[in-house]
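Novice: Starting off with a structure, shown below.
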Amino acid sequence: MTRFESLAVAARRAALEDPAGLAVADGRVRWTWRELNERVDSVALGLTDAGVEAGDRVVVLAAPTAPAVVALHAIARIGAVAVPLETRLTRAEVVSATAVVDPLVVVHDDQHAVSAAVLRLPLLGLEDLTSGQTGPGLAADSSAPSEQAAIVMTSGTTGGPKAAILSVAALVASAEAWLAVLPPA
């Protein structure tokens, strides 16, 4: 039995079990599980207001920060598929990688707004989505283990980028494996 069913419910479960526990530490940002869960609800609401639905692919072009963590949880919570892109890609590489996955929208941070704009897709700024306002508690999504959860781009020595599709079960198995070897927080 796993400790959590998927990323879609991880923050909600932790917020219920340890609401005051530290969930995110990013520079000066310190969020409890309750605060993270509230932000995830808010961003999930913003994504659905922008038309993102279960199964839609959402490119994430952002540095690994607290708001990016919120975005990844929110994408999972609504059952959409996260497509995080390496932020060091050139604009041409961003266009090439994105063409492979056919996303609906791009979630980006301020630092990568110019790269995101070349995609000619609807853009959602992380800073706007994670403005600190909290939303109503959205129902936690419990995705089927076989459903797509994320798509990561791979590269090789020849040819263009290829998409590696990761299921909910694959992400849960990876998280469980890391939990088994990492020391307690």
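The values are calculated or read from the model by the stated rules, or taken from the named source; none is laboratory data. The structure displayed is predicted, hence computed values, not measured ones. Cβ placement follows ideal geometry from the backbone for every residue including glycine, while neighbour counts extend to all protein chains displayed. Ligands, DNA and RNA are stripped out before the accessible areas are found, and what is left, the full protein with its side chains, is counted by its heavy atoms. Shrake-Rupley method; radii C 1.70, N 1.55, O 1.52, S 1.80 Å.
Novice: May I ask you to list the residues in segment 31-77 that are part of a loop (DSSP other than H, G, I, E, B) and buried (at least 21 other Cβ atoms within 10 Å of the Cβ)? Don't jump to the end; show me each part of the working.
Specialist: At the first step, the residues of segment 31-77 found to be part of a loop (DSSP other than H, G, I, E, B) are 50-56, 62-65.
Answer for segment 31-77, where residues must be part of a loop (DSSP other than H, G, I, E, B) and buried (at least 21 other Cβ atoms within 10 Å of the Cβ): V52, A62.
Novice: With the checklist (1) touching a residue at least 24 places away in the same chain (Cβ under 8 Å); (2) open to solvent by 30 Å² or more (accessible area, probe 1.4 Å); (3) over 17 Å from A44 (Cβ atoms) in hand, flag the one item A117 doesn't pass.
Specialist: All conditions are met except number (1).
Novice: What number of residues within segment 7-25 are open to solvent by 50 Å² or more (accessible area, probe 1.4 Å) and either of a type in the set (D, E) or not in a helix (DSSP H, G or I) (or both)?
Specialist: Selection size over segment 7-25: 5.
Novice: Just to be sure, is A50 in contact with a Pro (Cβ under 6 Å, 6 or more places away or on another chain), modelled with pLDDT under 95 and not hydroxyl-bearing (S, T, Y)? Reasoning before the result, please.
Specialist: On the way: in contact with a Pro (Cβ under 6 Å, 6 or more places away or on another chain): no; modelled with pLDDT under 95: yes; not hydroxyl-bearing (S, T, Y): yes.
The answer is no for A50.
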